[in-house]
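The values are calculated or read from the model by the stated rules, or taken from the named source; none is laboratory data. What you see is a predicted model, and the numbers here were worked out from it, not measured in a lab. Counting neighbours? That spans all protein chains shown, and the Cβs are built from the backbone with ideal geometry, glycine included. Ligands, DNA and RNA are stripped out before the accessible areas are found, and what is left, the full protein with its side chains, is counted by its heavy atoms. Shrake-Rupley method; radii C 1.70, N 1.55, O 1.52, S 1.80 Å.
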Amino acid sequence: ATKNHREFLMTVLHELKHAEQASRLGRYDFERQYFKYMDTLDEAGQDGYMKNPFEIEAESWAESEINKWL
């Protein structure tokens, strides 16, 4: 697989994990919690995206799954 294929698949898996998170928590609660983390981290001068636990979980899960698909 090329780097572009890997990056594309990583994005798909990452977003699938977000869909699972939203399904588990309910879309409203997922969005509320997700953006609460973003705002709180941004206000503290941190990267609200990279340090968001939902993003960390999605990226970690995608990384653990990627080799099953390549």
With springs connecting C-alpha atoms under 10 Å apart, model the chain as a Gaussian network and identify which of 20, 43, 57 has the largest mean-square fluctuation. 43
How much area per residue is accessible in the chain when the probe is 1.4 Å and only protein heavy atoms are counted (Å²)? 73 Å²
If unit charges are put on Cβ atoms (+1 for Lys and Arg, -1 for Asp and Glu) and the dipole of the chain is taken about its Cα centre, the option from 14, 2, 33 lying farthest towards the positive end turns out to be 2
Cα to Cα, under 17 Å, and not fewer than 8 places away if on the same chain: which lysines meet these conditions relative to residue 17? 51, 68
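Could you give the dipole magnitude of the chain about its Cα centre, charging the beta-carbon of Lys and Arg +1 and that of Asp and Glu -1, in debye to the nearest 20?
Taking the Cα centre of the chain as origin, the dipole is about 260 debye.
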Could you list the square roots of 5 times each eigenvalue of the Cα gyration tensor of region 1-68, that is, the equivalent ellipsoid semi-axes, sorted largest first and rounded to whole Å? 24, 15, 8
For the chain, what is the mean residue ellipticity at 222 nm derived from helices alone (per DSSP H run of n ≥ 4: -39500 (n - 2.57); sum divided by total residues; nearest 500 deg cm²/dmol)? -28000 deg cm²/dmol
